[in-house]
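Working notes for the structure below.
The values are calculated or read from the model by the stated rules, or taken from the named source; none is laboratory data. Fair warning: this is a prediction, and the values are worked out from it, not measured in the lab. For neighbour counting, all protein chains shown are included, and Cβ atoms are generated from backbone atoms with ideal geometry for every residue, glycine included. These accessible areas exclude ligands, DNA and RNA; they are computed on the full protein's heavy atoms, side chains included. Shrake-Rupley method; radii C 1.70, N 1.55, O 1.52, S 1.80 Å.
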Amino acid sequence: PTIYAITPTYSRPVQKAELTRLANTFRQVAQLHWILVEDAAARSELVSRFLARAGLPSTHLHVPTPRRYKRPGLPRATEQRNAGLAWLRQRHGHQRAQPGVLFFADDDNTYSLELFQEMRTTRKVSVWPVGLVGGRRYERPLVENGKVVGWYTGWRADRPFAIDMAGFAVSLQVILSNPKAVFKRRGSQPGMQESDFLRQITTVEELEPKANNCTKVLVWHTRTEKVNLANEPKYHLDTVTIDV
Ligand code: UGA
Ligand code: MN
């Protein structure tokens, strides 16, 4: 099956660095299709040029987050992930689904290559641990007799699916047979996006544990420090135009 990675991304000083790390990983994964969705009113020059040279099968989409939703404490990238879902449904809607696995790959996380081997065998919805998240070294699904029976987490343990966006994959078939499943803004509390989405398409009992019964961390919720540009000149002082 093809792995479809949906990556929301937005313009900021570290964007190209993040996308470079991500492309360097994805380039080593067989049959991966990268769906990059810019949080912007139009496709940017930077991302267009970057993708053209990335050497990866890709689709470049864009949708701006409405201004009222760009506030601390509100979920991020809702519209962008939905745009990726809509593209997948449109592209595969007419025919019988080709084998595929969908995964939400934020642009700042760190992904091991082994993770892609694990997720490729997803039948419906698979799950695995995520490192450096929830105020702990890792969060993970608790597994008994091959079934998920609970969650090891330090944050909002009451979540129906106490898992980060980087902790699950969904088969294309499940995406197509649940055409209305989307990320929702209305009524979605912080940290509930994953649960709100997953409850539309699966149950905890049905989840397929990966990464040796969820005992291996293969993805890390790394976050890039805000870059210090305090010494940037007010006016352009460099003598040539630099491709940053
Ligand atoms: C956590 C989760 O890991 C995310 O999956 C979730 O979307 C996010 O919380 C949330 O609050 O909604 P965190 O590291 O705090 O992640 O979020 P970011 O990495 O800053 O953003 C998630 C993704 O959305 C990234 O790919 C980022 O490039 C993108 N993004 C962020 C936008 O497209 N627009 C923005 O304004 C901000
Ligand atoms: Mn992040």
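For this structure, a couple of remarks:
- Identity of the residue in the stretch 1-19, among the aliphatic types (A, V, I, L, M) and crowded, with 16+ Cβ neighbours inside 10 Å, that ends up farthest from residue 230 (Cα to Cα): 3
- Count - residues of the stretch 143-160 that are within 19 Å of residue 207 (Cα to Cα), open to solvent by 60 Å² or more (accessible area, probe 1.4 Å) and not hydroxyl-bearing (Ser, Thr, Tyr): 6
- Residue list for the stretch 79-104, restricted to those being within 18 Å of residue 174 (Cβ to Cβ), touching a residue at least 40 places away in the same chain (Cβ under 8 Å) and aliphatic (A, V, I, L, M): 85, 88, 97, 101, 102
- Residue 195 of a type in the set (Ser, Thr, Tyr) and within 27 Å of residue 31 (Cβ to Cβ): no
- Candidates 227, 182, 217 - the one that is aliphatic (A, V, I, L, M), within 16 Å of ligand 1 (Cβ to nearest atom) and touching a Gly at 6+ places or on another chain (Cβ under 7 Å): 217
- Members of the stretch 1-36 that are within 15 Å of ligand 2 (Cβ to nearest atom), under 14 Å from the mean Cα position of the chain (by Cα) and of a type in the set (A, V, I, L, M): 5, 6, 19, 22
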